[in-house]
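The values are calculated or read from the model by the stated rules, or taken from the named source; none is laboratory data. All values reported here derive from a predicted model rather than from experimental measurement. Counting neighbours? That spans all protein chains shown, and the Cβs are built from the backbone with ideal geometry, glycine included. Accessible surface areas use protein heavy atoms only, side chains included; no ligands, DNA or RNA. Shrake-Rupley method; radii C 1.70, N 1.55, O 1.52, S 1.80 Å.
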Amino acid sequence: MRISPRQSFIFILSVALAWPVSSEARRRDKASKRYEIVELAQREPDQLAEKPDRHMMAAVVKAHPGVSSSYAHVSKEGIDVSHYQGQINWDAVASDGKISYAYLKATEGATLVDDTYARNLSEAKRVGLKVGSYHFYRPNTDWRKQLENLSSVVKPGEQDLLPIIDIEHRGKGSDEAFLKNLRDFIAQVTKIYGKKPLLYTFHNFYNRHLAGEFKDYKWMIARYRDDEPTLDDGKDYVIWQYTSSGRIAGVDGNVDRSRLMGEYDLGDILLHH
């Protein structure tokens, strides 16, 4: 079939216009597949930019039954810090006005005590933030010795918020042993502090190793992406740690930032009511 010059021009033009779209689609598809592979291989939270400012604002939420509504208009944003942040200017943090709570690294394993913990605890409380502490759990370290370390440093009377158990590694051994030791440890932490601790892990680790476990505990989930975490078992979580590269006045460099989700407010994570 003969093609007229006009038909030939139209055909060439349509191909030229379609090609960038097709090429871009293929590029995005390849990038998406590469990202999925990288995400599956991650052992730590996948890093991405800080969440948009809409997550930094105070939110009005419904009070839960039996929980004071006095925190409904307080900022839902918080930070967690350790020795990696160095010496923090807590007056500047508080005056920034973007956060209402801070979690401080206290202990790790059987012997480690964060050398900034005592100062951070005193200063964060002095400037009026609600403060809690976390223990980094080591699955191949005797949980009884970890309990001694945690309880010797983190005193219930000095805490505003539920303690956090940071669970990021499964360690060696079977899944059964990992879960049994973790359950025993958490049960004893509950006895000491009078309330169930808040459990922390990152999105991928939860779905691989913890889905369906600890159903009656509150969770803080780390996922450093623009979309909110989705847990395979449909578990609701209280806090989303959405970036490890947040910035805030008073802290030099990056800091982990998080926010209370949905209708949750500070009243839901208080150690003492």
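List of remarks:
- Accessible surface of Y237, taken over heavy atoms with a 1.4 Å probe and every protein chain present, rounds to 20 Å².
- Cα-centred dipole magnitude for the stretch 111-255, charges only on beta-carbon of K, R (+1) and D, E (-1), debye, nearest 20: 360
- Length gained when the stretch K191-A110 is fully extended (0.36 nm per residue, less Cα-Cα span): 27.3 nm
- Residue-normalised accessible area of the stretch 120-186, given per residue in Å² at a 1.4 Å probe: 43
- Percent carbon-and-sulfur accessible area, the stretch 117-202, ignoring ligands, DNA and RNA, probe 1.4 Å: 50
- Protein heavy-atom accessible surface, 1.4 Å probe, per residue over the stretch 188-273: 38 Å².
- Point-to-point label distance, K215-H272, nm (Cα→Cβ direction, 7 Å offset): 3.4
- Applying a DSSP loop filter and a limit of 12 other Cβ atoms within 10 Å to the trypsin sites (Lys or Arg not before Pro) in the stretch 102-178 leaves K172.
- In order along the stretch 266-273, the phi-based Karplus estimate (6.51 cos²θ - 1.76 cosθ + 1.60, θ = phi - 60°) of 3J(HN,Hα) comes to 4, x, 7, 10, 6, 7, 10, 10 Hz; Gly and Pro are listed as x.
- Pairs from K195/K235; K76/K125; K125/K155; K105/K235 whose Cα-Cα separation, in the structure shown, is over 23 Å: K105/K235
- E263 paired with L179, simple spin-label distance in nm, labels 7 Å along Cα-to-beta-carbon: 3.0
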